[in-house]
Amino acid sequence: MLDHLTVVTHPLVQHKLSIMRDKETSTAGFRRLLREISLLLAYEVTRELDMTTAEIETPLTKMQAPILDGKKLALISILRAGNGLLDGILELIPAARVGFVGLYRDPETLQPVQYYCKVPELLDQRMVIVVDPMLATGNSSVAAIDLLKAKGAANLRFLCLLAAPEGIARMKAAHPDVPIVTAAVDERLNDHGYIVPGLGDAGDRMFGTK
Ligand code: URA
């Protein structure tokens, strides 16, 4: 069983992340690195996929070969930055089902409000991996997972690139059953809810909107 928090300390992940943090890294470079890093993180977050065996025939003999079992897993991207992680993971797991959850923060209540939700059917029978590069306050992650649980998801993982201690604590309090996989845990959030030292606004950096 994955721990509640797994930090992927692999040298390739850490090196790529450092280049992504650098404010001089271009939009194209950021996007390419995010795609590469997401493959490595996906390897870790899918460790516990169910396996079975099937008989195959090699050029030499028959054998019982290990293969994935059960329904295709579901990847759920929290819009819009989640899509940056999604692209890379889909290269590794092309048959995965994909869903999207859109949430914005109400300026008065500061609570997340859902504006879009389209997810695969039979979530109760799939491993469901929620992807969002930045686990900051944890408000949108918790809200997205609330929503997915209400739709039957019971075997969930949360995959991000960077996490703040505040977001990890919020997720642990709300969803202790959902393991988090991340490339790093940073120091803190600043007054605007940005992760410090962080990498800035992940959506802006991957889409070049600022
Ligand atoms: N979202 C981001 O894109 N960056 C942060 O630092 C926090 C939330």
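Every residue, every condition in (1) at pLDDT below 95; (2) under 16 Å from residue 200 (Cβ atoms), yes or no:
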| position | (1), (2) |
| --- | --- |
| 15 | no, no |
| 22 | no, yes |
| 33 | no, yes |
| 38 | no, no |
| 42 | no, no |
| 49 | yes, no |
| 52 | no, no |
| 58 | no, no |
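Is it true that residue 145 is surrounded by 22 or more Cβ atoms within 10 Å (Cβ to Cβ), in contact with a helix residue (DSSP H, G or I) (Cβ under 9 Å, 6 or more places away or on another chain) and under 12 Å from residue 45 (Cα atoms)?
Details: surrounded by 22 or more Cβ atoms within 10 Å (Cβ to Cβ): yes; in contact with a helix residue (DSSP H, G or I) (Cβ under 9 Å, 6 or more places away or on another chain): yes; under 12 Å from residue 45 (Cα atoms): no.
When the stated conditions are applied, residue 145 does not pass them.
Considering only the range 16-35, I want to know if a residue exists there that is touching a helix residue (DSSP H, G or I) at 6+ places or on another chain (Cβ under 7 Å) and closer than 19 Å to residue 94 by Cβ. Yes: one or more hits. Of everything in the range 1-46 that is closer than 24 Å to residue 172 by Cβ and among the acidic types (Asp, Glu), the residue that is surrounded by the fewest Cβ atoms within 10 Å (Cβ to Cβ) is 3.
Residues of the range 66-81 that are modelled with pLDDT of 95 or more and of a type in the set (Gly, Ala, Ser): 74, 77. Among the residues of the range 88-126, those that are touching a Gly at 6+ places or on another chain (Cβ under 9 Å) and buried (at least 17 other Cβ atoms within 10 Å of the Cβ) comprise 100, 101, 119, 120, 123, 126. Within the bounds of the range 84-93, is there any residue that is free of Cβ contacts under 8 Å to residues at least 12 places away in the same chain, within 16 Å of the ligand (Cβ to nearest atom) and under 22 Å from residue 149 (Cα atoms)? Among the residues of the range 84-93, not one is free of Cβ contacts under 8 Å to residues at least 12 places away in the same chain, within 16 Å of the ligand (Cβ to nearest atom) and under 22 Å from residue 149 (Cα atoms), which makes the answer no.
The values are calculated or read from the model by the stated rules, or taken from the named source; none is laboratory data. Since the structure is predicted, the reported quantities are computational estimates derived from the model, not experimental observations. We place every Cβ from the backbone using ideal geometry, glycine too, and count neighbours over all the protein chains shown.
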